[in-house]
Structure formats: C-alpha cells, structure tokens
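Novice: Right, I'll just put the structure down here and ask away after.
Any read-out appearing in this document is the output of simple, stated calculations on the displayed coordinates, not a laboratory observation. Not measured: the values here are computed from a predicted model. Cβ placement follows ideal geometry from the backbone for every residue including glycine, while neighbour counts extend to all protein chains displayed.
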Amino acid sequence: MKYEEISTVDAIKNITTFSPMMQHYLETKSKYLDCVLFYRLGDFYEMFFDDAINVSRELELTLTGKECGRENRAPMCGIPYHAGEIYASRLVQNGYKVAICEQLENPKNAKGIVKRDVIKIMTPGTITDGNLLDEKKNNYIIDAGIVIENPQFVDDYTVEENLGYLKKISENTNNINLDYWYDFFGIKEYKKVLYKNLSLGTKQKIALIQAFMHDPKNLILDEPFNALDKDMVKKVADLLIKYRDAGKLIIFITHINDDILNSCDSVVEVSEGKASIIK
C-alpha cells in the first residue's frame, strides 16, 4: 500500500488539501506537536502521519492507511479505545508525551464532523494508576519545582545572588532566563536587595521563581498565593493553567477559594482533620 510521503508539519502547512476529518485532526495536532495524539474515531484511537509511523514501531502495531482526500492514503495505526491508557503508559515510559483527544458528542447526533478535543495529556508525572506503573521500580515524581509555605533563602545574599546560585546548580542552567522572571513578577528593581530586607510578597515571588525557572515537569506548591496581591494571584493562576495545558503535573495547597479550583482535574477539601473529594 502506498502512503502519503509527507511529514506531519508539512501536512499541516497543506491542510486545505485534505478531507474535512483529516483537517480537524491536523488542526488539533498543530496544538500538540510535542505529543503523540490519540485521536478518537469510534471505538479506536487513531494516529496518523509521523505519529503512526513512530507508534507502530514503538508498540509493534500494524501500519495501515486511511483515505485522507489526497491521491494516497495517510499512514495510520490504531488501538482499541478501552486499552488507550495501557498503550499510552508504554509510550510515556519510552519518553513520549501523549495527548488524548476524545469525542465530545454522540456521532449519531453530530451534524457534520464530530466534536473532538484533547481532554488529557499523559506524562511521566501524571500516571498515578498503580495498574499502569511498574511495581518493581520506584515511581518517583522527579524534576519538580517546589514551593513550601515559609520559604527560606540566604538572608545576607541579594535576590540576584540567591537565584543565581540556584541557576548555577540546575541541570537546565543554560535555558534559565532570570531576567524574564524578574519582569514577569515585577521585581527587577529588587535584584540587588538583600533577601532579609524584602517584603513577604517579594519573598513569595522569589520562591515561585525558583520553582518555575528551570521549567520542571512537575510542580508541588504549598500556598503559592500567599502574600500576593489580587492581580498577581490571577497572573500566577493563569500561568498554572498554561502549565497544566502543557501536560505538567501540578499539586498545590491553598486556602483561597479561587476560580483556579474550577480548572483543577481533582480537588480535595480538608476540614477539621477530614478529607473530602469534591471534584
């Protein structure tokens, strides 16, 4: 069988030459180029173009083809939807990120193309189901940015010296742009100020910078909004939502009943020593 010899990126550039269904696939894929896209079609998750070629090799699946509106078929491989997480976890263990694109309406009721969208991104830090983890290995959350409730830095070091030292020992040091974070949090004027002379709000911003600056895969944040004004709370919340959409695992504790809770996949409320799952 002859397939379209075109990369995913080139297919996106020539999107109008494909069938309506394939156009929707390519539109979705363009938002998640760093992920393998599991695209739900009926009872299967299908992959096309580069994803199909790579996944068929990684998981030893049969590579086939699908009509796509062009002369030749698009490379395709598929898996049953009920086994999606099992196959996705195998890909994650091999270093891939997987975006799960689900059908959002009953195909029988759809007018035209069935509505579909990505509902979840699977990364090493987001797999918590014991059935999908290797019980013979330690399954740690690694590469994490952490904020504790009362962060401590070196009092007699300036902001620049504290964060500069942390940048120096980071494995991702070459990609850390501290000036970007100074501007983001509006603290550029405090770079030369000793840590002990900072306000609580500025100290909290320093703590957030050290958690965010090396672009970790996971974030564990204890009261990240402490001592921040309303505008900065919204700015940090928007950043967390952006990180969530990029597939990062975020665990945070907050006493602020903020709108960000509506954007969480899971919410646990702790009151008087009792925990209740409310979402």
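Novice: How far apart, in nm, are two points set 7 Å out from the Cα along the Cα-to-Cβ line at Asn174 and at Glu58?
Specialist: With each label placed 7 Å out from Cα toward Cβ, I get 2.4 nm.
Novice: Checking the table Lys120/Lys248; Lys191/Lys242; Lys13/Lys111; Lys31/Lys97; Lys205/Lys235 against a 19 Å threshold on Cα-Cα, which pairs fail?
Specialist: Lys191/Lys242; Lys13/Lys111
Novice: Right, another one. When the Karplus curve 6.51 cos²θ - 1.76 cosθ + 1.60 is applied with θ = phi - 60°, which whole-Hz ³J(HN,Hα) does each residue of the range 226-236 get, with x for Gly and Pro?
Specialist: After applying 6.51 cos²θ - 1.76 cosθ + 1.60, I find 3, 6, 9, 6, 4, 5, 6, 4, 5, 5, 5 Hz.
Novice: Further question on the same structure: Hey, can you grab everything whose amide H is under 5 Å from the amide H of Ile250? Only 5+ residues off in sequence or another chain; H modelled, so Pro and N-termini drop out.
Specialist: Under 5 Å from the amide H of Ile250 lie the amide H atoms of Leu219, each far enough along the sequence or on another chain.
Novice: What is the order of Thr8, Thr123, fewest Cβ neighbours within 10 Å to most?
Specialist: Working: Thr8 20, Thr123 17.
Least crowded to most crowded, the residues run Thr123, Thr8.
Novice: Still on this structure, please answer the following. As a test of the formula, what do you get for the chain when each DSSP H run with n ≥ 4 contributes -39,500 (n - 2.57) and the sum is divided by the residue count, at 222 nm and rounded to the nearest 500 deg cm²/dmol?
Specialist: -9000 deg cm²/dmol
Novice: Is the C-alpha gyration tensor of the chain telling us rounded, prolate or oblate? Criteria: a/c under 1.5 is rounded; beyond that, a/b larger than b/c is prolate, otherwise oblate.
Specialist: Because a/c hits 1.5 or more and a/b exceeds b/c, the chain counts as prolate.
Novice: About the Cα centre of the chain, what is the dipole size in debye to 20, counting +1 per Lys and Arg Cβ and -1 per Asp and Glu Cβ, all else neutral?
Specialist: That gives the chain a dipole magnitude of about 380 debye.
Novice: Under unit Cβ charges (Lys, Arg +1; Asp, Glu -1), what dipole magnitude, rounded to 20 debye, does the range 144-277 have relative to its Cα centre?
Specialist: The dipole of the range 144-277 has a size of about 280 debye.
Novice: Have a look at Ala11, Ala144, Ala246 and tell me which one the Gaussian network model of the chain (Cα, springs below 10 Å) gives the largest fluctuation.
Specialist: Ala11
Novice: While we're on this one: What number comes out for the charge environment of Asn106, summing +1 per Lys or Arg and -1 per Asp or Glu over other residues with Cβ under 14 Å away?
Specialist: Here the count lands on +2.
Novice: Pull out a ≥ b ≥ c, the square roots of the eigenvalues of the alpha-carbon gyration tensor of the range 144-277, then state rounded if a/c is under 1.5, prolate if not and a/b is larger than b/c, and oblate in the remaining case.
Specialist: Values: a/c = 1.92, a/b = 1.54, b/c = 1.25.
It comes out prolate by the Cα gyration axes.
Novice: Still on this structure, I have one more. For the chain, take the longest principal axis of its alpha carbons; what is the angle in degrees between that and the long axis of helix 200-212, to the nearest 10 within 0 to 90?
Specialist: Taking the Cα atoms of the chain, the angle to 200-212 is about 40 degrees.
Novice: With +1 on each Lys and Arg Cβ and -1 on each Asp and Glu Cβ, and nothing else charged, work out how big the dipole of the range 8-131 is about its Cα centre, in Debye to the nearest 20.
Specialist: On the way: 15 positive and 16 negative charges, 60 e Å.
The calculation lands at about 280 debye.
Novice: How high is the FRET efficiency between His214 and Asp183 when r is their beta carbon distance and R₀ equals 22 Å, given to the nearest 0.05?
Specialist: Efficiency, rounded to the nearest 0.05: 0.80.
Novice: What are the ³J(HN,Hα) couplings of the range 80-86, residue after residue, when phi is run through the Karplus curve with 6.51, -1.76, 1.60 and θ = phi - 60°? Round to Hz, x for glycine and proline.
Specialist: Listing the rounded values in order: x, 4, 6, 10, x, 5, 5 Hz.
Novice: Further question on the same structure: Which percent, nearest 5, of DSSP beta bridges in the chain are antiparallel?
Specialist: Close to 60 percent.
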